[in-house]
1. When you check Val186 against the structure, is it in a helix (DSSP H, G or I), more than 30 Å from Gly263 (Cβ to Cβ) and either in contact with a strand residue (DSSP E or B) (Cβ under 7 Å, 6 or more places away or on another chain) or hydrophobic (A, V, I, L, M, F, W, C) (or both), yes or no?
2. For the stretch 172-183, what are the residues that are assigned to a helix (DSSP H, G or I) and either within 17 Å of Ala93 (Cβ to Cβ) or not small (Gly, Ala, Ser) (or both)?
3. Go through (1) open to solvent by 10 Å² or more (accessible area, probe 1.4 Å); (2) within 30 Å of Asn155 (Cα to Cα); (3) outside any loop (DSSP other than H, G, I, E, B) for Gln306 and report which single condition fails.
4. In the stretch 6-58, which residues are modelled with pLDDT under 80 and either buried (at least 16 other Cβ atoms within 10 Å of the Cβ) or among the charged types (D, E, K, R) (or both)?
5. Among the listed residues Arg83, Arg114, identify the single one that is in contact with a helix residue (DSSP H, G or I) (Cβ under 9 Å, 6 or more places away or on another chain), modelled with pLDDT of 95 or more and not aliphatic (A, V, I, L, M).
6. Six or more apart or on different chains, Cβ under 6 Å: which pairs go from a residue in the stretch 280-299 that's in contact (Cβ under 8 Å) with a residue 24 or more places away in the chain and closer than 19 Å to Trp404 by Cβ to one that's open to solvent by less than 10 Å² (accessible area, probe 1.4 Å) and in a helix (DSSP H, G or I)? Could you list them?
7. Restricting attention to the stretch 133-171, which residues are under 30 Å from Asp45 (Cα atoms), part of a helix (DSSP H, G or I) and open to solvent by less than 20 Å² (accessible area, probe 1.4 Å)?
8. Filter the stretch 222-258 down to the residues that are open to solvent by less than 30 Å² (accessible area, probe 1.4 Å) and part of a helix (DSSP H, G or I) and list them by number.
Amino acid sequence: MPTSFTRRNVLAAAAVLPLASGVLRAAEPDLAALRDLTGTTRPIDAAERARRLSRVQALMKANGVGAVLIEPGASMIYFTGVRWHLSERLTCAILPVEGEPCIVTPFFEEPSVRLSLSVPAEVRTWNEDEDPLAVVAGFLRERRLTARPVAVEANVRFFATDRLRRALPGVKLVSADGLVRACRIVKSPAEIALMQAATDVTIDAYRWLHPRVEVGMTGRDVGALMDAATRKLGGAPEFSMALVGPDAALPHGGTAPRRIVRGDVVLMDCGCTVQGYQSDVSRTFVVGAASAEVRRVWDQVARGQQVAFAAAKLGAPAGSVDDAVRRYYESLGYGPGYRLPGLSHRTGHGIGMEGHEPVNLVRGEATALSPGMCFSDEPGLYLPGKFGVRLEDCFHVTEAGPKWFSEPPVSIDRPV
């Protein structure tokens, strides 16, 4: 959720820091009662990473691809275990169609990179006065992979592909997205267990937080409490957005802090990671008594979630889930389509190691739902200038149909 950093935003954020700190100090005794929920979780093991490499190599062979090039991020962790950061100094992984991967990294970073390397792999280094893409090219030549296309993941930066073309004139570069996506889109039981653990943390953090949200707090105060509870429960916070009053009509909020007054809607969107796998849960509630209009919209969104869940049948096109929700909302007078008041964003997105992954529950998406695919279900309704309601729970597809990671709330009076 990108934020525009301006002098005004910085000053506004600084103005609420003292209250956020005080809120956290006041909550310390209550936080002490929370216990880590993640102690029994199991990280992805070597055998599963080996299966991932075998799978992508089989896909490469079937598609005539010689190698896949990826930079740091979720896919590098997925295939190699290497947790690294993007910088002007290139670190990348090369997955060849046969044999062990190769990690290319600066010479002085090699010991650090090896610490998270989880598969058998060659590590080649480059010094500050050398071109890392020449090292990549050398590996591809030595493995006799240059006669076949080299597949490049979408997030590989232009300078890398441009310099690889210079180092290997005539090399054919193609997209790796289809190969990588085919591996990552279907989650294993081990991945689903970690996503369940992350969701359990987020739900318990919400349960702890909800009765502690008070008049006078800002969204930042509420988010700080959520983060603190998430950490105590064993999760690593990814995001903790709390939108107050009319700001809740903006799916990702505004920029100015707003203090809660009695009767305000509070829309929260929060997630964490456990062993690298994410949760994503939204809840909407009212501080004080909810108006009849807010109650009506909350109930409509709750029904929208169930419409989406019922439409997520095994083999159904992903886009049909979004279609079902929009038909229901349009029958209530919202929209049509993506127009406001109504649902201005997709019904859901894929989720796993990243909060947003392919495929999406969005109009026109033809990918069929299959076991192991994981999605958010978040058909919010937004009334500009008034308020918005979003309820979000994730599910995974099984042979018997969709299964919730977290059960949706039953009413605005029991929102968590």
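1. Working: in a helix (DSSP H, G or I): no; more than 30 Å from Gly263 (Cβ to Cβ): yes; either in contact with a strand residue (DSSP E or B) (Cβ under 7 Å, 6 or more places away or on another chain) or hydrophobic (A, V, I, L, M, F, W, C) (or both): yes.
Here the answer is no, as Val186 does not meet what is asked.
2. So in the stretch 172-183, the residues assigned to a helix (DSSP H, G or I) come out as 177-183.
Scanning the stretch 172-183 gives Asp177, Leu179, Val180, Arg181, Cys183.
3. Here Gln306 clears every test but (2).
4. Hits for the stretch 6-58 are Arg7, Arg8, Ala13, Val16, Leu19, Ala20.
5. Result of the check over Arg83, Arg114: Arg83.
6. Between residues of the stretch 280-299 that are in contact (Cβ under 8 Å) with a residue 24 or more places away in the chain and closer than 19 Å to Trp404 by Cβ and residues that are open to solvent by less than 10 Å² (accessible area, probe 1.4 Å) and in a helix (DSSP H, G or I), the close pairs are Val281/Thr202; Arg283/Tyr206.
7. Once the filter is applied, which keeps residues that are under 30 Å from Asp45 (Cα atoms), part of a helix (DSSP H, G or I) and open to solvent by less than 20 Å² (accessible area, probe 1.4 Å), the stretch 133-171 yields Val136, Phe139, Leu140.
8. Within the stretch 222-258, Val222, Gly223, Ala224, Leu225, Met226, Ala228, Ala229, Thr230, Gly245, Ala248, Ala249 qualify.
The values are calculated or read from the model by the stated rules, or taken from the named source; none is laboratory data. Predicted, not measured: the structure shown is a model, and the values here were computed from it. Neighbour counts are summed over all protein chains in view; Cβ atoms, including those assigned to glycine, are modelled from backbone coordinates with ideal geometry. To get the accessible areas, we keep the full protein, side chains included, count just its heavy atoms, and leave off ligands, DNA and RNA. Shrake-Rupley method; radii C 1.70, N 1.55, O 1.52, S 1.80 Å.
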